[in-house]
Amino acid sequence: MNAAEPIPEQPSSWTVRTRRAIDRHLPMDHLLPVRQPYYVGSWVYVFGVITIAALVWVVASGVVLAFMGPQWWHDSSVGRFFNSLHFWSVQLFFIFMVLHLWGQYFMAGWRQGRAATWAIGVVIFGISILTAFTGYLSQQNFDSQFIAVNAKDAMNGAGVGAFFNVLNFGQMYGLHIMLLPIGVTFLVVVHIVMVRARGVVKPIDPEGGTRS
Amino acid sequence: MKSMGATQEEYYRGVRMVPYDLVKELMLALAGVGILALAVSAILSSPDVAPITIATWAQSDPVDFVTTATNELAGSTTSAGYGNPYNTNGSGQAWGPIAPQTWFGTRIPIDSATTFVIEPLQRGTSSNTELATALDTWQKADSDQQGKWTDAYTKALPNATVKDGKVTVPDGDYGPLPVMMSYLLGIAQTGGLDGLLMVNGRFYQTDYTPALLFMGDGGYLAGQAQQWNLLGDQWGMMNETGRYPGQTWLWLYTMWYQVPPFTSSPAIQVSWDSMHPMPTSGSSS
């Protein structure tokens with residue numbers, strides 16, 4: 001065979017199949033669109049993207065804090081600033097996420113085949129709460145102590161305290177900086193891909209038209 | 001099979017489309033949220049009240065410390081009678097036959113008297129003959145005798161005087177307790193008990209379960225929390241030191257704490273105490 005000749009694609013190739021599936025389900029003009037339905041121009045759709053933006057700042061500031069270690073921010077003014085950035089990014093993330101949730105709830109964003117997208121959003125919300133909760137427990141300050149001592153009762157009452165020990169800093173810190181953020185980020189990516197693949201659900205009563 | 005791409009085009013058919021720049025929107029959102037977060041961080045900082053230690057507890061409120069330690073010996077603290085996952089001395093939460101607290105057994109064993117008092121004394125002052133004698137007397141006494149000593153000592157402690165950090169109670173038959181408690185208080189005031197409660201037989205440790213349970217049994221932690229307005233009847237849904245928004249993600253749920261009849265419902269309390277410090281039946285706060 002001449003080296004200059006192109007090698008034909010083998011339809012049975014797993015790589016070719018994967019590439020074709022991606023092209024079919026999520027072509028680039030859906031992933032990064034240059035046109036959208038007119039109704040996406042409403043401000044209510046901004047809450048989704050600013051939630052993602054807040055998450056980026058949460059992760060970025062969290063990476064700095066994790067790199068420097070859990071003690072750093074207590075003794076360094078720079079560390080304290082990064083902790084503040086992490087803290088306020090988290091507050092903004094939750095505020096925007098709740099606004100996004102309310103917006104989608106009142107627009108019934110689960111309609112027309114988008115139930116899984118909604119459900120994953122709900123799971124993201126739940127894991128985010130757990131992530132923030134373990135963050136409070138990982139602060140190594142008075143808030144952490146008081147929250148841990150009180151929170152143990154509900155955890156134990158629910159039966160999870162035997163495995164999820166809020167008094168164990170090492171366990172809470174590991175969950176907070178590694179496993180839970182990976183879970184949130186992964187599900188956010190899945191959530192976005194599903195929105196981009198299916199498109200944005202139409203309003204219940206678009207431009208005075210019939211209800212869909 | 002109908003492709004997802006075709007589905008979207010079919011879905012949007014007939015809908016007016018307008019130009020859109022997704023990447024620009026994301027970049028503007030990143031910049032806008034970033035400026036907001038940076039500004040608020042620079043202006044308002046973030047809460048960081050120093051944690052309390054067992055040393056500060058023993059120094060600031062030695063009577064509460066000694067009372068708590070005596071109650072650990074008597075088995076009358078929250079931890080001593082907690083039940084699983086720490087011990088089998090309590091039944092724990094249950095909804096009829098559903099008792100998840102008992103399902104997984106005693107996975108984090110805590111014997112309050114041994115963990116918080118006896119072992120630290122044995123480890124902290126192994127060469128002290130006065131203490132060794134007191135410990136020997138305590139351990140050789142039967143439970144009835146131990147109960148009489150702890151009962152008498154507990155009743156005397158509200159009338160205790162504190163001088164130079166030492167706790168003195170009116171004369172009485174307390175057995176070896178005054179000696180034991182004097183040494184335990186001394187170890188605690190120097191910071192030794194903070195370390196002794198973390199001993200796990202290995203060099204590194206990150207598990208604060210014994211120390212936090214012991215502090216939770218006393219009144220000092222809750223007293224400090226009260227000063228920071230953290231108790232459930234003070235700030236309700238907020239629960240964070242300083243003038244900060246608290247755990248915002250709980251607003252949707254913790255507002256029910258403020259609405260009758262949920263304000264006094266133990267069922268809803270146990271459901272959400274996991275993320276929201278409130279006084280509970282299993283807590284000293």
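Each value in this text was obtained by applying a stated rule to the coordinates, not by laboratory testing. Fair warning: this is a prediction, and the values are worked out from it, not measured in the lab. Every residue, glycine among them, receives a Cβ derived from its backbone with ideal geometry; neighbour counts consider all protein chains shown.
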Fewest to most Cβ atoms within 10 Å: B:Val40, A:Val166, B:Val259 sort as B:Val259, B:Val40, A:Val166
Applied in sequence order to segment A:166-172, the curve 6.51 cos²θ - 1.76 cosθ + 1.60 (Karplus, θ = phi - 60°) yields integer Hz couplings, x standing for Gly and Pro, of 5, 8, 9, 4, x, 5, 5
Excluding residues fewer than 8 positions from A:Lys202 in its own chain, the lysines with Cα under 22 Å of it are B:Lys2
Quick calc, segment B:54-207, dipole around Cα centre from Cβ unit charges on Lys, Arg (+) and Asp, Glu (-), nearest 20 debye, gives 260 debye
Longest principal axis of chain A (C-alpha) makes with the long axis of helix A:14-25 (C-alpha) an angle, in degrees to the nearest 10, of 90 degrees
Neighbour-count ranking for B:Thr53, A:Thr15 (other C-beta within 10 angstrom, fewest to most) reads A:Thr15, B:Thr53
Quick note, segment A:4-144: a/c under 1.5 would make it rounded; otherwise a/b > b/c is prolate and the rest oblate (a ≥ b ≥ c, C-alpha gyration tensor); here it is oblate
Listed by chain and number, the aspartates and glutamates with an alpha carbon less than 18 angstrom from that of B:Lys163, same-chain partners under 8 positions apart left out, are B:Asp61, B:Asp64, B:Asp171
Expressed in angstrom and rounded, the centroid-to-centroid distance over alpha carbons for segment B:164-239 and segment A:29-99 is 39 Å
